[in-house]
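Asker: Take this structure first; my questions come after.
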Amino acid sequence: MALLAILAALMLAILITPPAHAAPGDDQEKTDFYFGGVITNKDEPVKGVVIGVEGDGFTAETKTDADGRWKLYVPKKATYTLVVDEDTLPKGVIIDPAQLPEGIKAVQGKTGEFEASFGLTGTKIVNLFLGAGERQTTSFFDQLLNRTIGGINFGLLLGLASMGAALIYGTTRLSNFAHGEMVTWGGVAVVIVTSFLHLPLWLGIIVAIAAGGLLGWALDAGLWRPLRKRGLGVVQLMIVSIGLSLALRYALQYIIGGETYQLPGASPAPMTFGPVSLSWIDMVGMGVSLAVIIGMAVFLTRTRIGKATRAISDNPQLAAASGIDVDKVIRITWIIAGVLAAISGILWAYFRPGVKWDMGMQMLLLMFCAITLGGLGSAMGALVGSLIVGIAVEISTLWIPTDLKYASALVALIVVLLVRPQGLFGRKERLG
């Protein structure tokens with residue numbers, strides 16, 4: 001009985017002992033660079049203040065702990081914008097502009113946003129002091145417009161990858177779970193050329209596009225065509241693609257390691273057009289995406305191979321009976337999908353920013369969401385679905401935390417499928 005009483009006392013002590021507080025930044029992906037500091041009001045720490053960091057597509061958010069401390073990791077040395085959610089500050093106070101640390105300056109017209117850059121080290125301490133003042137905020141319309149433009153940018157680069165995956169599904173009925181790694185391969189090829197071999201960026205882009213097409217050709221010639229000849233079913237092929245995804249992902253990790261690599265010219269200073277902030281890379285990326293998408297539309301509607309691709313997508317047996325070389329068209333489709341994925345990977349590396357061995361996996365669910373939303377097998381549907389997903393993801397941050405923004409794409413998918421189960425551009429099919 002005495003032993004049981006001792007054990008009960010120990011268990012009770014464990015249950016009532018308060019858990020140790022996690023250190024600031026422990027819930028984030030660790031890098032060699034971070035901002036950190038303390039927020040105080042009249043020499044007293046302020047708990048629960050939400051503070052975020054933004055910079056050329058990268059966003060992160062955290063809260064101050066009981067001691068007022070915070071820490072935010074970023075992918076590289078660059079100029080970032082620190083954003084303090086003033087709704088989480090005590091009433092009647094703002095960040096005192098007279099006590100901003102050296103190298104930190106307030107964004108014009110805003111009392112809760114500050115431009116910050118690193119010095120010689122990878123650490124920048126930003127201690128913020130509160131003081132009485134009147135808050136200046138951005139109007140809801142301006143925020144909506146800025147995020148809509150960002151959503152279009154994201155949707156266009158997502159559309160490049162989704163169109164390739166949709167073409168593969170349309171011609172082979174294969175849900176390619178390795179398509180995310182095909183996207184990653186584009187960014188990795190540029191890293192190998194620019195960071196490892198120290199060659200010019202333009203050469204890295206050419207090599208990456210060629211390598212993307214080569215990967216698509218190799219996958220079909222070495223794996224998918226032999227499996228099709230053996231008569232494997234759709235489910236079996238899908239399981240193979242999951243295994244291929246894992247194999248390619250860890251092969252890429254073996255090649256470049258677990259670090260995040262920045263491409264030349266990443267994270268340039270944004271240019272302001274009224275309420276909209278865009279960098280020159282954003283504008284180039286949107287221009288390239290539009291040009292490639294228009295080129296794909298012309299290819300699918302005006303060329304013999306494009307028309308054959310659409311015919312196989314509609315009815316492969318009838319296409320084969322009419323004299324179309326189905327295997328040849330599928331091979332070309334895989335090459336095109338590899339090229340589109342590589343271009344998307346390069347643009348994603350600048351939008352994110354950074355190249356990492358598993359970055360394509362982050363896009364995979366969004367690609368499937370866009371393809372399903374637009375209509376399975378429809379390349380143009382995948383593009384429209386991608387734009388909807390991109391805009392929904394970016395606009396949703398007006399109401400929900402940044403960490404949950406990708407969930408909004410799934411909400412948009414569910415809403416559309418409830419109204420139109422075949423997707424926006426899909427056709428109704430009879431089951432059973």
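Asker: Could you tell me which of the residues 296, 238, 286 is in a helix (DSSP H, G or I) and either surrounded by fewer than 17 Cβ atoms within 10 Å (Cβ to Cβ) or touching a strand residue (DSSP E or B) at 6+ places or on another chain (Cβ under 7 Å) (or both)?
Answerer: Values: 296 fails: either surrounded by fewer than 17 Cβ atoms within 10 Å (Cβ to Cβ) or touching a strand residue (DSSP E or B) at 6+ places or on another chain (Cβ under 7 Å) (or both); 286 fails: either surrounded by fewer than 17 Cβ atoms within 10 Å (Cβ to Cβ) or touching a strand residue (DSSP E or B) at 6+ places or on another chain (Cβ under 7 Å) (or both).
Criteria check complete, one pass: 238.
Asker: Could you please give the count of residues in the range 15-44 that are modelled with pLDDT of 80 or more and exposed (fewer than 14 other Cβ atoms within 10 Å of the Cβ)?
Answerer: Of the residues in that region, 4 qualify.
Asker: Still on this structure, please answer the following. Among the candidates 130, 120, single out the residue that is in a loop (DSSP other than H, G, I, E, B), farther than 30 Å from residue 341 by Cβ, hydrophobic (A, V, I, L, M, F, W, C) and at pLDDT below 85.
Answerer: On the way: 130 fails: in a loop (DSSP other than H, G, I, E, B).
Sole residue among the options that is in a loop (DSSP other than H, G, I, E, B), farther than 30 Å from residue 341 by Cβ, hydrophobic (A, V, I, L, M, F, W, C) and at pLDDT below 85: 120.
Asker: With (1) of a type outside the set (Phe, Trp, Tyr); (2) surrounded by 15 or more Cβ atoms within 10 Å (Cβ to Cβ); (3) under 21 Å from residue 361 (Cβ atoms) as the list, and residue 228 as the residue in question, which single condition is left unmet?
Answerer: (3)
Asker: I'd like to know if the range 261-274 contains one or more residues that are within 29 Å of residue 307 (Cβ to Cβ) and either surrounded by 21 or more Cβ atoms within 10 Å (Cβ to Cβ) or of a type in the set (Ser, Thr, Tyr) (or both). Can you show your working first?
Answerer: Here is the first cut: in the range 261-274, the ones within 29 Å of residue 307 (Cβ to Cβ) are none.
No - not one qualifying residue is present in the range 261-274.
Asker: Exactly one condition in (1) surrounded by fewer than 22 Cβ atoms within 10 Å (Cβ to Cβ); (2) in a helix (DSSP H, G or I) is not met by residue 323; state its number.
Answerer: Status for residue 323: all satisfied but (2).
Asker: In contact with a Gly (Cβ under 6 Å, 6 or more places away or on another chain) and either under 30 Å from residue 62 (Cα atoms) or surrounded by fewer than 23 Cβ atoms within 10 Å (Cβ to Cβ) (or both) - does that describe any residue in the range 396-415?
Answerer: Within the range 396-415, not a single residue is in contact with a Gly (Cβ under 6 Å, 6 or more places away or on another chain) and either under 30 Å from residue 62 (Cα atoms) or surrounded by fewer than 23 Cβ atoms within 10 Å (Cβ to Cβ) (or both).
Asker: Could you list all residues from the range 241-283 that are of a type in the set (Gly, Ala, Ser), assigned to a helix (DSSP H, G or I) and touching a helix residue (DSSP H, G or I) at 6+ places or on another chain (Cβ under 8 Å)?
Answerer: Selection gives 245 alone.
Asker: State whether the residues of the range 191-207 include one that is closer than 21 Å to residue 367 by Cβ and not in a loop (DSSP other than H, G, I, E, B). Reasoning before the result, please.
Answerer: Step one: filter the range 191-207 for residues closer than 21 Å to residue 367 by Cβ, giving none.
Looking through the range 191-207, none of the residues is closer than 21 Å to residue 367 by Cβ and not in a loop (DSSP other than H, G, I, E, B).
Asker: Select, from 140, 129, 114, the only residue that is in contact (Cβ under 8 Å) with a residue 60 or more places away in the chain and touching a strand residue (DSSP E or B) at 6+ places or on another chain (Cβ under 9 Å).
Answerer: Numbers: 140 fails: touching a strand residue (DSSP E or B) at 6+ places or on another chain (Cβ under 9 Å); 114 fails: in contact (Cβ under 8 Å) with a residue 60 or more places away in the chain.
Checking each option against the conditions leaves just 129.
Asker: Just need a number here: residues in the range 59-76 that are outside any loop (DSSP other than H, G, I, E, B) and either touching a helix residue (DSSP H, G or I) at 6+ places or on another chain (Cβ under 9 Å) or at positive phi (or both).
Answerer: Residues of the range 59-76 that are outside any loop (DSSP other than H, G, I, E, B), as a first pass: 59-63, 69-74.
After this cut, where a residue has to be either touching a helix residue (DSSP H, G or I) at 6+ places or on another chain (Cβ under 9 Å) or at positive phi (or both) as well, the list is 59-61, 63.
Here the count works out to 4.
Asker: Also: Does at least one position in the range 225-240 carry a residue that is in contact with a Leu (Cβ under 9 Å, 6 or more places away or on another chain), in the same structural domain as residue 338 (by TED's automatic domain parsing) and under 30 Å from residue 195 (Cβ atoms)? Can you show your working first?
Answerer: Taking the range 225-240 and keeping what is in contact with a Leu (Cβ under 9 Å, 6 or more places away or on another chain), we get 227-228, 234, 236-238, 240.
After this cut, where a residue has to be in the same structural domain as residue 338 (by TED's automatic domain parsing) as well, the list is 227-228, 234, 236-238, 240.
Adding the requirement that they be under 30 Å from residue 195 (Cβ atoms) leaves none.
No, every residue in the range 225-240 fails to be in contact with a Leu (Cβ under 9 Å, 6 or more places away or on another chain), in the same structural domain as residue 338 (by TED's automatic domain parsing) and under 30 Å from residue 195 (Cβ atoms).
Asker: Of all residues in the range 304-320 being touching a Phe, Trp or Tyr at 6+ places or on another chain (Cβ under 9 Å) and buried (at least 19 other Cβ atoms within 10 Å of the Cβ), which is nearest to residue 173 (Cα to Cα)? Steps first, please.
Answerer: The initial filter retains those residues of the range 304-320 that are touching a Phe, Trp or Tyr at 6+ places or on another chain (Cβ under 9 Å), namely 305-306, 309, 313.
So of that shortlist, the ones also buried (at least 19 other Cβ atoms within 10 Å of the Cβ) come out as 306, 309, 313.
Values: 306: 17, 309: 13, 313: 9 Å.
Of everything passing the filter in the range 304-320, 313 is nearest to residue 173 (Cα to Cα).
The values are calculated or read from the model by the stated rules, or taken from the named source; none is laboratory data. As the structure is a computational prediction, the values presented were derived from the model and not from experiment. Note that each Cβ is placed from the backbone with ideal geometry, even for glycine, and that neighbours are counted across all protein chains shown.
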